[in-house]
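Beneath this line is the structure, given in structure tokens, with notes to follow.
Nothing in this text is a laboratory measurement; each read-out follows from the coordinates by a stated rule. Just so it is clear, the structure is predicted and the values come from calculations on it, not from any experiment. Positions of Cβ are generated from backbone atoms using ideal geometry, with glycine treated the same way; all protein chains shown enter the neighbour counts.
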Amino acid sequence: MDLGDQLKRMQRDWDARARENARHYVNTARDDWTDEEFFRSGEQTVQEEILTDMTNICQGILPRRMRVIEIGCGTGRVTRALAQVFGEVHAVDVSGEMIRQAREGLADCPNVFLYRNNGTDLSVLPAGLPFDFAFSSIVFQHIPSREVIENYVREVHRLLRPGALFKFQVQGDTNTVSAPEDTWIGIPFSDEDAIGMAERNGFEPRYRHGAGSQYFWLWYFRK
Ligand SMILES: C[S@@+](CC[C@H](N)C(=O)[O-])C[C@H]1O[C@@H](n2cnc3c(N)ncnc32)[C@H](O)[C@@H]1O
């Protein structure tokens, strides 16, 4: 399957999931989320992955002065909580329907900027703005293409200021079988794969946690 077809398929499948029950596909823990519980689960993600890690993330900059990127924001579950911490959050998603629902749900967050992108690059983000941090959680675990994930890494490198962190999660269970046409099961990464991808794209893979599991977290510092 060529890349163009694969990107169309991601967009089509995620739009369909968003129309059926967006919040369930964003966080499969429930299928009948209330607003409050849904956004509270996003606050929990920020509590666990961001607020415990502010030294690596902020590097002495006040969070309210930071501009951050989120890849694969869905309906804004984590985006809302990121916007309570950071100055500006620029969030992209391949699904126009997810973005439409995120716009509705986050209408009261003036520091959130939402974009539908093409599923592989960040050309929709404003050029020339320095970004201080990038984050992605439970997104790459659904992308069945190493090429697409590596392109996002290259794009984040283009946009982050030197020294800044890209913290993200990939599927680390190398027994996972992913197929190019299946947009639910992402391609797995070994520890070696994760190191290689960082080094090819100008990052230092300083920390890695959860190799071998679904929640393989990577800390890539831009050189
Ligand atoms: C399981 S949801 C998680 C949403 C959000 N990260 C969260 O934790 O609430 C995965 C999201 O990734 C988006 N997505 C999937 N493939 C993508 C791609 N290639 N580029 C951008 N977004 C993508 C989907 O549309 C969906 O909104």
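Structural remarks
- Computed P(r) (all Cα pairs; the chain; 10 Å bins; percent): 8, 35, 41, 15, 1
- Distant-in-sequence amide H partners of S145 (H built 1.01 Å from N, under 5 Å): I187
- For the range 1-96, the C-alpha radius of gyration sits at 1.23 times the compact-globule guess of 2.2 N^0.38 Å, with N the residue count.
- The chain: antiparallel DSSP beta bridges as a percent of all, rounded to 5: 40
- By other beta-carbon atoms within 10 Å, ranking I138, I61 with the fewest at the front produces I61, I138.
- Placing +1 on the Cβ of every Lys and Arg and -1 on the Cβ of every Asp and Glu, with nothing else charged, gives the chain a dipole about its Cα centre of roughly 740 debye.
- Sorted ascending by nearby beta carbons within 10 Å, beginning with the fewest, E97, E37 become E37, E97.
- Distance between modelled label sites at D191 and E150, nm, 7 Å Cα→Cβ extension: 2.2
- At full extension, E104 and A127 could sit 5.7 nm farther apart than now, given 0.36 nm per residue minus the alpha carbon distance.
- Cα→Cβ-extended label distance, 7 Å offset, between T28 and I61, nm: 3.5
- Fully extending the segment from Q47 to W184, taken as 0.36 nm per residue of separation minus the present Cα-Cα distance, adds 46.7 nm.
- Alpha-carbon centroid distance for the pair the range 47-116 / the range 203-221, whole angstrom: 21
- Least to most buried among H24, H209, H90 (fewest other Cβ within 10 Å first): H209, H24, H90
- Translational diffusion coefficient (Stokes-Einstein; Kirkwood radius from C-alpha pairs) of the range 101-178 at 10 °C, 1.306 mPa s, in µm²/s: 111
- Taking 0.36 nm per residue of separation and subtracting the Cα-Cα distance, full extension of the segment from N21 to D5 would add 3.3 nm.
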